[in-house]
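The values are calculated or read from the model by the stated rules, or taken from the named source; none is laboratory data. Small disclaimer: the values here were computed from a predicted structure and weren't measured. Please note: Cβ atoms are built from the backbone with ideal geometry, for glycine as well, and neighbour counts cover all protein chains shown. Accessible surface areas use protein heavy atoms only, side chains included; no ligands, DNA or RNA. Shrake-Rupley method; radii C 1.70, N 1.55, O 1.52, S 1.80 Å.
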Amino acid sequence: MEQLTIALSKGRIMKDTLKLLQETGIECSDIYEDSRKLIFNSTKSRIKFIIAKPFDIPTYVEYGVADLGIVGKDVIMEEKKDVYELVDLKFGFCRLVVAGPKERKGYPPHPRIASKYPRIAEEYFMQKGEQVEIIKLNGSVELAPIIGLSDKIVDIVSTGKTLKENNLKELEEIDKITARLIANRVSFRLKSKRINDLIKKINSVIEEGF
Ligand code: PRP
């Protein structure tokens, strides 16, 4: 059996990722959510796991240091790397939205938009024919409109708690997001049997309503 390297996203989708892998029959009980260890070897399954920041997963997969990766569609859309998107894993549901201060009525003609997703935000407003100024932030984006750095934000909403607790409201929905399985283009050809077997197992776990 060929060795596979799979890059997994730290954070929000890690718990469900591990659950899916376990139900697929992959031995990964050594990996736990808050571990600081970055590489795990599943000798029985002949899989090496790399644990990385979500925004770096497409890069690892594009360069082929990981054959496969599990990451949110939001990150895939933002990073636009040259990888195959193989399976919608149907977990990690959230939505990409435009949000702004709850009580605010009007906006300037060229509003400022803060986001961890500058490319998605730029494309979205360009398609709508709206001129905006994008401000790239790396996290806690909800702060920006509260302290006057931006007029609106583009961010993901899951439970809605962060928007609510910061007096923000959703203005527009850009897209619905779930976790995806991605593959390196060369690995997908060279390790096609192993990868296709894994896809079949994953699909049957998803169909059973994991
Ligand atoms: C994400 C997102 C929102 C929050 C939404 O941030 O950027 O801030 O989760 O979740 P909710 O609707 O359930 O409140 P994350 O926790 O990934 O951290 P970050 O702000 O540091 O990017």
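What to note about this one:
- Taking each residue of the range 147-176 that is among the basic types (Lys, Arg) and looking for partners that are within 12 Å of the ligand (Cβ to nearest atom) with beta-carbon atoms closer than 7 Å, six or more apart or interchain, yields 152/99; 169/99; 169/163; 176/95.
- Checked against (1) out of contact with any helix residue (DSSP H, G or I) (no Cβ under 8 Å at 6 or more places or on another chain); (2) at pLDDT 95 or above; (3) away from the ligand (no atom under 15 Å from the Cβ); (4) not polar (S, T, N, Q), residue 73 passes all but a single condition, namely (3).
- Unique residue being modelled with pLDDT under 95 and open to solvent by 70 Å² or more (accessible area, probe 1.4 Å) when the list is 29, 42: 29
- Some residue of the range 162-175 being open to solvent by 30 Å² or more (accessible area, probe 1.4 Å), in a strand (DSSP E or B) and farther than 23 Å from residue 77 by Cα: yes
Conditions (1) among the charged types (D, E, K, R); (2) within 13 Å of the ligand (Cβ to nearest atom); (3) on the phi < 0 side of the Ramachandran plot; (4) surrounded by fewer than 16 Cβ atoms within 10 Å (Cβ to Cβ), marked per residue:
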{"residue": "110", "(1), (2), (3), (4)": "no, no, yes, yes"}
{"residue": "116", "(1), (2), (3), (4)": "yes, yes, yes, no"}
{"residue": "127", "(1), (2), (3), (4)": "no, no, yes, yes"}
{"residue": "136", "(1), (2), (3), (4)": "yes, yes, yes, yes"}
{"residue": "148", "(1), (2), (3), (4)": "no, no, no, yes"}
{"residue": "151", "(1), (2), (3), (4)": "yes, no, yes, no"}
{"residue": "188", "(1), (2), (3), (4)": "no, no, yes, no"}
{"residue": "191", "(1), (2), (3), (4)": "yes, no, yes, no"}
{"residue": "210", "(1), (2), (3), (4)": "no, no, yes, no"}
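- Lone qualifier among 141, 97 - being within 13 Å of the ligand (Cβ to nearest atom), of a type in the set (Val, Ile, Thr), closer than 26 Å to residue 10 by Cβ and not in a loop (DSSP other than H, G, I, E, B): 97
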